[in-house]
Amino acid sequence: MLNNKKAQSIIAGIDVGGTFTDLLLVADDGVKVVKTPTTVENQAYGVLAALAETGAPLSEIDAIVHGTTTTTNAVLERKLSRTGMITTEGFRDIIEVGRRTRPQPYGMFGRFEPIVSRDLRLEVPERMDAAGRVVLDLDEESVKEAASQLLGLGCESVVVHFLHAYANPDHERRAVEILRDVWPNDYITAGHELLSEYREYERGVTATVNAAVRPILHRYVDRLQSELTREGFRRDFLVMNGNGGMVSARLVDREAAKTVMSGPASGVMAAAHAAKRAGIDNLITYDMGGTSTDVALVMDAVPAVSNELDVEYAMPIHVPMVDVRTIGSGGGSIAAVSEAGLLKVGPESAGASPGPICYGRGSTEPTITDANLLLGRLNPENLLSAENAPSLDAIRSTFDEKIAVPLGIDTDAAAGAVIRVANDRMAGAIRIVSISKGHDPRDFTLFAFGGAGPLHAVALARELGIPHVLVPTRPGITNALGCVVADVRHDFVRTVNRPLDLVDMGEVQEIMSSQVKEGNALIKSETIPIENIRVFHGADMQFVGQTHLISVSLPRLDATREEIQEIFEKAYFNRFQVELPEIRANLVNLKTSVIGERPDFDLSQIMDARFRAETVENARTGKRQVWFDGEWLDTAIYQRDKLPTGGQFAGPAIVEQMDTTIAVEPGNTVLVDTDGNLSIEIGDHS
């Protein structure tokens, strides 16, 4: 691990995506960027291949920070460990009954399969009331019998989830002590240790997800750590958490659920860092990769973190995570015409293998990437992952057969329609993180990254009225950059669940003070260098009698009752445009985030200054016909590495670089800032 600032001579940030594994190696003498294909069967191989390609001996690397999709994929694909549950007698169906919501607001049918099947959910006599008072003592023999039965049924992992353990965890603690004597491994999860807040369903599902992915994450991390050690790495590598912080690989599987969405979270952290350096505090991050698109909101240079995220229908994971919304729309998303004659794009994806048709790996399904290629937006000679790529005529023939003819349009219009439908879906995701939460997209900058994001960003900004787009220096490795620049972060939540006018404000301050103290102690115990510590307080609130929560920020630790009431009422009105002065506010949870800020990283290092041309015209490599909104236009082509700092140019233009392509529409103007970002002003498209 890192012991001081001088020890940070070489740091590797690694992000494993659906198509590529990205690596950013930061050393005193420069920066190296690597992209290698993701090895889906075992992500560790792709990580090791990327490290090998840097040429840096692992023995000389001081820190490796890794954003992983291991747990995310396991949950979404339901490739989980066989897990058993021990719960309070009479309550084994909590995680299945849920909230009785529907997967679609107007749908008549929906199917939900709990993570732990009913035969593996066993009950034991015990009971606490909501105030934490013992109603029925724990039957310890029943715990032993349940453990024996679950082992006999082939369970590898177990979760203990008792009623009202957030108020008094004594029974859960004792059950875990008993299990440690009989369970053959360390895969034991106690619900209160992961999430100490009310609502048994959400707490139960969160704990169950943790238990089900813990063995998977442990095996992956252990295998990768062993391989790194064998190759000469002498430290524990660090793993990104979903809240944008990091934790040692040695400890990460204990709270495995917190790594869900760690990959997307690292990109948001990088975006916040880059935008802050550019003087932009409020932005919408837009990360379009090969298989999916992730969007998030950053306000006052701090990414929005939520405890209320559902990874999928009936799958709430209520640990602090960067509020990232994901849709199945990436460069590899497959386009098809449905039986009803409608064009659909995604969520099915060609993935890393075989990938889009233009990669030449045997795929015959048209994708977004193929559409961009046919429309002149991509250079067929510069496709990073192409192997024995088919001709444009062959790709055009496939589009004719599968899209154009069924829709009764020509090939160009078919490819344009694929882009338009994909853009509409992605614009919808941006609306979810902004408009649906009371924020006007026009007040934000769109920060576009990922291998495909910059191709679509200006069209989305125009659609949503966003006036400004910022494209970072290396969009395709922004998630890896997030691993390098991410701060150390610890989040705490404590349930109060009382009407605000009945809350003891002294108790509120005591709770938040204790959370700050615990966070400071944890950061102090880390061996990662910290320059400054920031503390943020917040609360989850609702009107008495309501179910859904609204998260609000508190200005300081000693905020008064009146201030909290006013902040909540304002947030409620901004969200719903409704005032309810006759109903009391309810203070549900108190939240504290303690953030240890790491030393600043000069982003201008990422772009090698040796390649910069003296003028923008010297960075121009030619021109070609590119399709913009229904017409082919003569379009200037620029090489990103050659663009000089301070250079300006106007659209239509295509900017090409190793890890992405940027489409600049007619009416857009572009400025290259001091960090090498492309600052794009969205003008009238005519």
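Remarks
- Selection from the range 345-364 of residues that are touching a residue at least 40 places away in the same chain (Cβ under 8 Å), among the aliphatic types (A, V, I, L, M) and buried (at least 23 other Cβ atoms within 10 Å of the Cβ): V345, I357
Here's the yes/no breakdown for (1) in contact with a strand residue (DSSP E or B) (Cβ under 9 Å, 6 or more places away or on another chain); (2) of a type in the set (K, R); (3) surrounded by fewer than 22 Cβ atoms within 10 Å (Cβ to Cβ):
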{"site": "P581", "(1), (2), (3)": "no, no, yes"}
{"site": "A619", "(1), (2), (3)": "yes, no, no"}
{"site": "D641", "(1), (2), (3)": "yes, no, yes"}
{"site": "A650", "(1), (2), (3)": "yes, no, yes"}
{"site": "M658", "(1), (2), (3)": "yes, no, yes"}
{"site": "L671", "(1), (2), (3)": "yes, no, yes"}
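- Residue match in the range 540-547 (condition: open to solvent by 60 Å² or more (accessible area, probe 1.4 Å) and either hydroxyl-bearing (S, T, Y) or modelled with pLDDT under 85 (or both)): yes
- Single unsatisfied condition, A249 versus (1) crowded, with 24+ Cβ neighbours inside 10 Å; (2) touching a helix residue (DSSP H, G or I) at 6+ places or on another chain (Cβ under 7 Å): (1)
- Residue-level analysis places S338 among those that are surrounded by fewer than 23 Cβ atoms within 10 Å (Cβ to Cβ), free of Cβ contacts under 8 Å to residues at least 12 places away in the same chain and farther than 30 Å from V97 by Cβ.
- L217 vs. criteria more than 19 Å from T70 (Cβ to Cβ), open to solvent by less than 10 Å² (accessible area, probe 1.4 Å) and outside any loop (DSSP other than H, G, I, E, B): no
- Of residues in the range 220-246 being touching a Leu at 6+ places or on another chain (Cβ under 7 Å) and crowded, with 24+ Cβ neighbours inside 10 Å, the one modelled with the lowest pLDDT: M246
- Residue match in the range 528-551 (condition: part of a strand (DSSP E or B), in contact with a helix residue (DSSP H, G or I) (Cβ under 8 Å, 6 or more places away or on another chain), of a type in the set (F, W, Y) and in contact (Cβ under 8 Å) with a residue 24 or more places away in the chain): yes
- Residue match in the range 268-290 (condition: open to solvent by 20 Å² or more (accessible area, probe 1.4 Å), more than 30 Å from I395 (Cα to Cα), of a type in the set (A, V, I, L, M, F, W, C) and within 16 Å of the chain's Cα centre (by Cα)): yes
- For beta carbons closer than 6 Å, sequence separation of 6+ or different chains, a first residue in the range 313-333 that is in a loop (DSSP other than H, G, I, E, B) and a second that is β-branched (V, I, T) and open to solvent by less than 10 Å² (accessible area, probe 1.4 Å), the qualifying pairs are I317/T206; I317/V209; I317/V260; H318/T206; S329/T293; G331/I368; G332/T367.
- Within the range 223-292, strands (runs of 3 or more DSSP E) holding 2 or more residues that are hydrophobic (A, V, I, L, M, F, W, C) and over 27 Å from L460 (Cα atoms): 238-240, 246-248
- If the condition is being open to solvent by 10 Å² or more (accessible area, probe 1.4 Å), in contact with a strand residue (DSSP E or B) (Cβ under 6 Å, 6 or more places away or on another chain) and not charged (D, E, K, R), then the range 13-32 contributes F20, L25, V26, A27.
- Spans of helices (runs of 4 or more DSSP H) in the range 131-212 with at least 2 residues under 19 Å from R494 (Cβ atoms) and modelled with pLDDT of 95 or more: 170-182
- For E526, the stated conditions do not hold, so it cannot be described as more than 21 Å from A167 (Cα to Cα), open to solvent by 70 Å² or more (accessible area, probe 1.4 Å) and either at pLDDT 95 or above or among the acidic types (D, E) (or both).
- Output for the range 566-577, where each listed residue is at pLDDT 90 or above and surrounded by fewer than 17 Cβ atoms within 10 Å (Cβ to Cβ): E566, K570, F573
- Any hit, the range 36-55, residues being open to solvent by less than 20 Å² (accessible area, probe 1.4 Å), of a type in the set (G, A, S) and closer than 27 Å to E200 by Cα: no
- Residue in the range 316-333 that is open to solvent by 40 Å² or more (accessible area, probe 1.4 Å), closer than 27 Å to G263 by Cα, among the β-branched types (V, I, T) and in contact with a strand residue (DSSP E or B) (Cβ under 6 Å, 6 or more places away or on another chain) present: yes
- Hey, L297 open to solvent by less than 30 Å² (accessible area, probe 1.4 Å) and free of Cβ contacts under 8 Å to residues at least 24 places away in the same chain or not: no
- As for the range 423-430, it holds at least one residue that is touching a residue at least 12 places away in the same chain (Cβ under 8 Å), crowded, with 17+ Cβ neighbours inside 10 Å and in contact with an Asp or Glu (Cβ under 7 Å, 6 or more places away or on another chain).
- With respect to being under 19 Å from T70 (Cα atoms), among the charged types (D, E, K, R) and either in contact (Cβ under 8 Å) with a residue 40 or more places away in the chain or open to solvent by 40 Å² or more (accessible area, probe 1.4 Å) (or both), E308 falls outside the description.
- Leading residue by the ranking (farthest from H456 (Cα to Cα)) among those in the range 334-355 that are assigned to a loop (DSSP other than H, G, I, E, B), at pLDDT 85 or above and not hydrophobic (A, V, I, L, M, F, W, C): E339
The values are calculated or read from the model by the stated rules, or taken from the named source; none is laboratory data. A quick note: this is a predicted structure, and the numbers were derived from the prediction, not measured. Cβ: placed from backbone, ideal geometry, glycine included. Neighbour counts: every protein chain shown. Only protein heavy atoms, including side chains, enter the accessible area calculation; ligands, DNA and RNA are left aside. Shrake-Rupley method; radii C 1.70, N 1.55, O 1.52, S 1.80 Å.
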